[in-house]
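Accompanying notes for the structure given below.
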């Protein structure tokens, strides 16, 4: 696994490229354009790499908040009884829902055309 030295080494490499671009850019009327292009390209590539690296360094798998209500502190791992209780108490478009098997069906949809398509598998 990578450590903090990767960031420091990459910064030093980008600084070396920037210093090299400053001194070895072609002489002439476009010298500042060459310098700016190479230095900004190196900085942009490093920034993209650093964002990707830092996002994977210590990933946040799931939020760890304890200031939520108890039913939301459990996260996605609910047992079957709690899931059924939540499904019974939930509403869809203001209409009470019912449970049939492992399907979640809504009844009493405002329009009869879409009532058959409003089934969700759990």
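Observations, loosely collected:
- Enumeration of residues in the range 57-80 that are surrounded by 10 or more Cβ atoms within 10 Å (Cβ to Cβ) and either closer than 19 Å to residue 5 by Cα or at pLDDT 95 or above (or both): 57
- Close contacts from the range 39-55, counting a first residue that is more than 14 Å from residue 16 (Cβ to Cβ) and a second that is outside any helix (DSSP H, G or I), with Cβ to Cβ under 8 Å and a gap of 6+ residues or different chains, come to 53/2.
- Any hit, the range 29-46, residues being assigned to a loop (DSSP other than H, G, I, E, B) and at pLDDT 90 or above: yes
The values are calculated or read from the model by the stated rules, or taken from the named source; none is laboratory data. All values derive from a computational prediction rather than experimental measurement. In this analysis, Cβ positions are derived from the backbone assuming ideal geometry, glycine residues included, and neighbour counts consider all displayed protein chains.
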